[in-house]
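Working notes, beginning with the structure itself.
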Amino acid sequence: MRGLIGVAGFFLIALIPHAVAFDPLDPNGNITIKWDVMSWTPDGYVATVTMNNFQMYRHIMTPGWTLGWTWAKKEVIWSMVGAQTTEQGDCSKFKGNIPHCCKKNPTVVDLLPGTPYNQQFTNCCKGGVLASWGQDPQSSVSAFQVSVGQAGTTNKTVKLPKNFTLLGPGPGYTCGPAKIVPPTKFFTPDLRRKTQALMTWNVTCTYSQFLARKHPSCCVSMSSFYNETITTCPSCACGCENRNKCIKSDSKLLSVVGVNTPRKDNAPLIQCTHHMCPIRVHWHVKLNYKDYWRVKLTVTNFNYRINYTQWTLVVQHPNLNNVTQVFSFDYKPLVPYQSVNDTGMFYGMKFYNDLLMEAGPSGTVQSEVLLQKDKETFSFKQGWAFPRKVYFNGDECMLPPPDTYPYLPNSAHRSPAAFATLLFSLPFLFTILF
């Protein structure tokens with residue numbers, strides 16, 4: 001009986017990461033979708049839908065977010081500003097004015113940059129790209145306006161949409177049910193008057209890497225000045241199922257026109273490597289000074305079809321509580337727990353290296369970090385100088401096994417050859433001395 005309970009407990013624990021999207025380095029991170037009913041219409045309402053990315057280091061890159069839901073009744077979308085549905089659906093029963101969308105479960109996407117001004121809405125038209133809160137708060141918001149018909153026309157008759165889904169741009173997000181919250185309040189442009197929405201509800205979506213993909217999407221390699229050994233990424237760190245679809249760096253196929261064009265399904269074109277990861281992060285312990293030490297960080301893209309815009313790199317290491325200077329990246333400490341300061345976010349400088357190019361000669365960004373030593377904790381022994389966790393674009397990277405880290409040579413280590421030479425020389429030394 002105890003054995004059965006133990007097995008059941010093991011499976012329950014194993015399933016928890018799939019059911020609960022919790023990131024210990026960003027415990028409050030989520031995407032909140034807020035619906036504000038701004039006015040009533042004869043058969044429904046006009047609402048402003050605002051999407052806020054409150055994740056510190058996980059953004060939504062091109063081709064952008066896709067939002068879906070299911071109507072509670074027979075609602076239709078008469079019109080939209082700042083976004084559009086991907087399908088109109090069957091609107092054959094309508095005469096005269098034809099709705100924008102008649103589907104029971106509409107799918108909405110952002111409009112592209114360059115949309116005519118009369119079709120734009122505040123914080124719209126970025127192609128669905130949503131920056132992370134920690135990197136660029138002003139660009140972490142997206143919004144659109146929707147006019148809903150055949151719906152309730154009062155707070156008591158409106159039925160909240162259900163079954164919300166969010167792709168960002170792929171799977172990984174799980175959305176909770178819509179919940180009515182206190183109406184949002186707005187200030188007039190002169191800040192002298194406050195108005196409020198007629199009704200407001202929120203939907204919270206959280207991310208789980210377990211739901212997003214079967215394998216990691218990045219790996220970590222290591223090296224140091226005190227050891228010639230280079231610890232490479234683990235073999236098949238990102239899965240080897242697609243090894244037969246990878247492409248060699250010297251392949252003639254790379255010269256074919258259109259081979260680098262992204263696919264609609266975001267299928268990657270990975271360079272053939274032993275780790276088969278789209279991204280590799282290399283941590284090199286470069287120099288040691290009396291009061292400081294220096295690390296070189298290199299991020300390499302092995303995907304020929306993706307340019308990583310607004311990329312982020314999160315590292316957990318105990319000495320990040322004393323960063324002196326970061327030379328070519330922007331840096332921000334992440335302190336989710338006020339008592340612990342061991343995590344930081346590196347990201348590219350705007351218009352300089354915030355774009356990680358596709359695989360090839362330009363598919364690398366790098367920087368160096370100068371850290372001040374804490375004499376009570378600093379050590380090169382037992383892999384202390386290497387990171388505990390590494391995340392790229394919000395996904396945790398696979399680290400090599402700790403016993404493969406570059407080790408600090410033992411100063412007391414004796415070479416057998418040197419020891420034999422010493423024994424052979426002792427009689428000769430005694431002859432000279434005595």
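The values are calculated or read from the model by the stated rules, or taken from the named source; none is laboratory data. Values in this document were obtained by computation on a predicted structure and should not be read as measured data. Neighbour counts run over all protein chains shown; Cβ positions are idealised from the backbone, glycine included. Ligands, DNA and RNA are excluded from the accessible area calculation, which covers all protein heavy atoms including side chains. Shrake-Rupley method; radii C 1.70, N 1.55, O 1.52, S 1.80 Å.
On average, how much area does the Cα convex hull of the range 189-251 cover when viewed from any direction, in nm²? For the range 189-251, averaging the hull's shadow over all directions gives 12.7 nm². A straight chain from Val323 to Cys272 at 0.36 nm per residue would run longer than the Cα-Cα distance by 14.8 nm. Label reach from Asn341 (point 7 Å along Cα→C-beta): in the range 357-399, amide nitrogens under 14 Å belong to 372-374. The charge dipole of the chain, taken about its Cα centre with unit charges on the Cβ of Lys, Arg, Asp and Glu (plus for the first two, minus for the last two), comes to roughly 840 debye. Spin-label model, Thr32 to Thr229: label points 7 Å out along the Cα-to-beta-carbon direction sit 4.9 nm apart.
Taking a point 7 Å out from the Cα of Ser251 in the direction of its Cβ, the residues of the range 356-371 whose backbone N falls within less than 20 Å of it are 357-364. Computed over the chain with a Gaussian network model linking Cα atoms closer than 10 Å, the most mobile of Pro406, Pro42, Pro137 is Pro42. For the range 75-136, applying the loop criterion from DSSP together with a ceiling of 14 other beta carbons within 10 Å to the chymotrypsin sites (Phe, Trp or Tyr not before Pro) yields Phe94. Applying a 4.7 Å Cβ-Cβ cutoff to the chain leaves Cys101 as cysteine residues with no disulfide-compatible partner. Max-minus-min Cα coordinates of the range 34-76 on each principal axis give 42, 20, 16 Å, with the largest extent listed first.
For the chain, the normalised intensity computed at q = 0.12 Å⁻¹ comes to -1.10 (log10 of I(q)/I(0), Debye sum over alpha carbons, equal scatterers, no solvent).
Here is the P(r) of the range 96-212: all C-alpha pair distances, binned every 10 Å from 0, give 10, 31, 41, 17, 1 in whole percents. Per residue, the chain reaches -3000 deg cm²/dmol at 222 nm when only DSSP H runs of four or more residues are counted, each adding -39500 (n - 2.57). Can you give me the Cα centroid spacing of the range 106-143 and the range 237-261 in angstrom? Going from one Cα centre to the other spans 32 Å. Which shape class, rounded, prolate or oblate, goes with the range 172-322 when its Cα gyration tensor gives a ≥ b ≥ c as root eigenvalues, a/c under 1.5 marks rounded, and past that a/b bigger than b/c marks prolate? It is oblate, given that a/c is not under 1.5 and a/b is not larger than b/c. Classify the range 230-319 from the C-alpha gyration tensor, please: rounded if a/c falls under 1.5, else prolate or oblate depending on whether a/b exceeds b/c. The shape class here is prolate.
Of the peptides 158-169, 317-328, the ranking by mean beta-carbon count within 10 Å, highest at the top, reads 158-169, 317-328.
Protein heavy-atom accessible surface, 1.4 Å probe, per residue over the chain: 55 Å². Protein heavy-atom surface of the chain, 1.4 angstrom probe: 58% of the accessible area is carbon and sulfur, with nucleic acids and ligands not counted. Would you give the gap between the C-alpha center of the range 329-343 and the C-alpha center of the range 381-410, rounded to a whole Å? The range 329-343 and the range 381-410 have Cα centres spaced 19 Å from each other.
Think of the chain as a dipole: +1 on every Lys or Arg Cβ, -1 on every Asp or Glu Cβ, centred on the Cα centre; then among Tyr407, Cys91, Leu191, Cys91 lies furthest on the positive end.
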